[in-house]
Structures are given as structure tokens and as C-alpha cells.
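Quick notes on the structure that follows.
Each value in this text was obtained by applying a stated rule to the coordinates, not by laboratory testing. Owing to the predicted nature of the structure, the values given are computational and were not obtained by experimental measurement. Glycine gets a Cβ as well: all are built from the backbone with ideal geometry, and neighbour counts include every protein chain shown.
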Amino acid sequence: MNERIESVIILEKVNTESGYSNELINSVKNQDLNRNFIRELVYGVIENKILLDYILSTKLKRPNKKLPTKIQEIFRISIFQILFLDNVPKYAIVNEALEAAKYFKLDKYKNILNAILRDIEKGDEEKYLKKIKDRNLRIQTEFSVSKDFYDILSKDYSTKTLIKILNSYNSKQEFIIRINKLKSSIEDVKNIFERNNILFKEHPFLNNSLIIENPGEVFKLEYFKKGFYTVQDGGSTLVSKVLNPKKNSRVLDLCAAPGSKTCHLSEIMENTGSILANDIHSKKLKKIQENIKRLGCKNIETVSFDASEYKEKYNGEFDYILIDAPCSGSGIVSRKPEIKLYRTKEQIQELITIQRKILENGFKYLKKGGSLVYSTCSIFSDENENQVKWILNNIENVNISKIDFRNKELDYIKLMPYEIGNNGFFMSKFTKK
């Protein structure tokens, strides 16, 4: 077993069983394997899958003939390495491909592997892309994005912005931490990092977060286990600040896992009042509880129920409600690249329906005069701006609340994945009359 063979197994699960690449990589048990190299191969293949398959199809005598899934993944990994990586000679890539075929008892494909891989050279992708005359099809192929996903982005954004979004999906994401003020301060954490040679820079719009340039070192320090700081994206941190619950209030986080935003709300409330953290998946409560313990939060209770189903006992019970709704994930593709390949228009319509059911219930649970924040990690208008319109047109006694962000009063905040300091994220705030 080596990194390429492990990558073949992970990619097969992603492409045939709808697995999430990040979860599968994190579940690799063999400590002798280089997990960073596995991540580079797996992410690289998923980010470029349509392009890799297109190039492979031009090399096959019968491109429509179905190859075994493991051979397809061996081809994809090898072509990706030849085209995009400089650290392994081509002859070694070919030899590793042949060894992987042997490992999976697919020796009869060794000749075709050898012939095709030796025929591909670095830079070949541009030669093949030039053959695609349709501009939209070329963009879809070059950035390896499904037609459904591309159609929605094209509807919402100009071609110039679309290209910026697609480029950001294949870029290395920033690693951001939030300082936990229940246990530390940003000055203390900066001093700790400087003493331990951890490189950081200021966050562009959050005064209690840092962008870390050598993130592997962050987890090695005892201060992470002690809860002085936690890993949290810019948009995820901002949304709790937008809700901004007062001390001694009662708060409901309807879709809470993994609990980063819940714990931030606890920090804002200075461990006063009460927070009910819910998630439909009971197995995810353990992760929330781990974060609660590590970060020293003392006002959080966890429960598990389906937020799209109304609970009479919560009617009018909460001063503040956060709905970080299940969504397409179109703002976090750099973290879960399979989203741009497999998310369909039909799935997104189903999610929009679920979002509206959760919103209807959330506003029922809110007290008069209370505040509710609706957020997603999506950049699709139908899940964001159009949901704001739906709320104002369909839910009674609700006003939109202006949000102060970067010296502007806004109806909502939409963060784009190509901006510094965040993935794609959306948030809007409402008050119940």
C-alpha cells in the first residue's frame, strides 16, 4: 500500500459512492503514508476530473468503452501528475501506474496504461482545450465543472466574475483561526505564535482572527488543546458577530454542527444566558460537545431534531436564532471540490425547499422583537438574495435589519470565495415585529 493506491481507493469512493474527499482523507489510518501527498493527488484529480477525462478520451481508440473504475482513477492520478506536478519524473509516474494496476490485479491494462501515459506531455492540456470551439464547453472542461453547476453560476454572474470564482475553487484555501476570548486574547496568541515560529498575518475584516501561513504547526501546540484558539473561516466567524446576542439572552442555533459558530455565540455572550445547539445528525453532536469542552463554553445544551419539522414547544421561546442552513456548498468548493462535479439543479431545488421550511419554523420560535440570522456557505442567488425576497414576501411581521459591514449599511453580506480572508458565504438579518 502506498499513497497512490490509497488515493485510488479514496477517489473511487468519491466518484461512485458520493463520499466527501476531506472526510475520506482524514480517515486514512496508515500512519506511514504521507497524508499531504494523498490530499494533493485526491484534490488535484477532483479539481481537474473533467479535463483529465477529456484528455484521456482523445487517447483511447474506443473512448466510449467503459474502463474499470480503478483503472480510470489510475489514469486520472497519473495524467494529473504529468500535467501539473513537477516533483516526480514521468518515467516514475508511469512505473507507479503499472504497479497500481498490478496491486489491483488489473495487469491486462498495463499495456494501454504504459502507451497512453508515455504519449502525454506536460502542457498538453492547452493543446487539447484548443480543439473545443464552444466557449462555455471549454470553460466547463478547463475548470472541470458540471453543466448544472456551470449553468447556475452563468445565470448569476458575468463571465469575468465566473472565471474568478472557478479559479478560486482550484486555489489553496487560507487557514484561519479565531481567538477564543473566553480563555485568551489576540495579543497573547500572537506572542505564543511568534515564540513558536508560527507565521501569521492580520485578517482583513475580523479583529479577533488570524490567517496562518504554516498551519501544520498550530495543532502541535498545547494552546490549541487548551482552547486558546480554534479553526474557523472568516464568514463563519462573521455570522455570529452579525447575530450579536446580548448577555443573558436565550439563543437557538438550529443547524449547529460542528459547533464553531455556537461556541463563538457563547463567547460573545460571555458564558451567560443559554444556547440550544441542534443538529439533525445526532452523531455530529459529539463534535459539538468536544468543541464546547475544549473552548470552555458553559451555557450550551445540545439536542438533535429535524429543523424542517415544527416543534410546538419552542414557539416564541428564543431572543436570537441562527439558521446556518443546509445548502449547495457552492462557496466552499476549494474545501470540497466534488461539489462542482456532482451538485445538480434538482438537488439545489430540494435544498431551497428545506431552507424555507427551516426558516418558517425559525421565525415561529423567535420572540417578538427578537433577531434571526439566515446564512449559507453558498454563492447561488436562489439560496441567498432570492430567499431574502421570499422571506419578506411570505413571512408576516418580519423586517430586514441593516448590517454594518466595512462602514456600509447593508441588507445582506455576500462574501466571495476569491476574496482574501474567507470562503463564499452569505448572511442576512431579520427582526420579528
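Between the helical axis of 49-59 and the dominant principal axis of the chain, each derived from Cα atoms, what acute angle in degrees is found, rounded to the nearest 10? Roughly 10 degrees, rounded to the nearest 10. In region 286-383, the ratio of gyration radius to Kirkwood radius, Rg to Rh, stands at 1.02 when only Cα atoms are counted. Helical runs assigned H by DSSP (4 residues or longer) give the chain a calculated mean residue ellipticity at 222 nm of -13500 deg cm²/dmol, each run adding -39500 (n - 2.57) before division by the residue total.
Sorting 247-253, 118-124 by their mean Cβ neighbour count within 10 Å, with the most densely packed peptide first, gives 247-253, 118-124. GNM remark for the chain: springs join alpha carbons under 10 Å apart, and the peak mean-square fluctuation among Lys13, Lys368, Lys408 falls on Lys408. Among Gly370, Gly227, Gly216, the residue with the largest mean-square fluctuation in a Gaussian network model of the chain, with springs joining Cα atoms closer than 10 Å, is Gly216. The angle between the Cα long axis of helix 3-17 and the longest principal axis of the Cα atoms of the chain comes to about 60 degrees, rounded to the nearest 10. In this Cβ point-charge picture (+1 for Lys and Arg, -1 for Asp and Glu), region 234-432 has a dipole of about 420 debye about its Cα centre. Counting only DSSP beta bridges with both residues in the chain, the antiparallel share comes to about 60 percent. Put +1 on the Cβ of every Lys and Arg and -1 on every Asp and Glu Cβ in the chain; which of Asn291, Val398, Tyr20 then has its Cα farthest towards the positive end of the dipole? After comparing all options, I get Tyr20.
In the elastic network of the chain, a GNM with C-alpha springs shorter than 10 Å, the most mobile of Leu60, Leu243, Leu295 is Leu60. The modelled label-to-label distance for the pair Leu60/Phe175, using points 7 Å beyond Cα in the direction of Cβ, is 3.8 nm.
Is region 1-156 rounded, prolate or oblate when judged by the Cα gyration tensor, a ≥ b ≥ c being the square roots of its eigenvalues, rounded requiring a/c under 1.5 and prolate requiring a/b larger than b/c? Oblate. Restricting to DSSP loop positions (anything but H, G, I, E, B) with no more than 16 other Cβ atoms inside 10 Å of their own Cβ, which trypsin sites (Lys or Arg not before Pro) remain in region 83-114? Answer by residue number: Lys105. Based on the alpha-carbon gyration tensor of region 234-432 and its eigenvalue square roots a ≥ b ≥ c, which shape applies: rounded if a/c is under 1.5, prolate if not and a/b is larger than b/c, or oblate? The shape class here is rounded. Quick one: helix 90-103 against the long Cα principal axis of the chain, what's the angle to the nearest 10°, folded into 0 to 90? Helix 90-103 sits at roughly 80 degrees to that axis.
Extending 7 Å from the Cα toward the beta-carbon at both Asn26 and Phe305 defines two label points whose distance is 2.8 nm. Distance between the pseudo-spin-label points of Ile163 and Lys130 (7 Å out from Cα toward the beta carbon): 1.8 nm.
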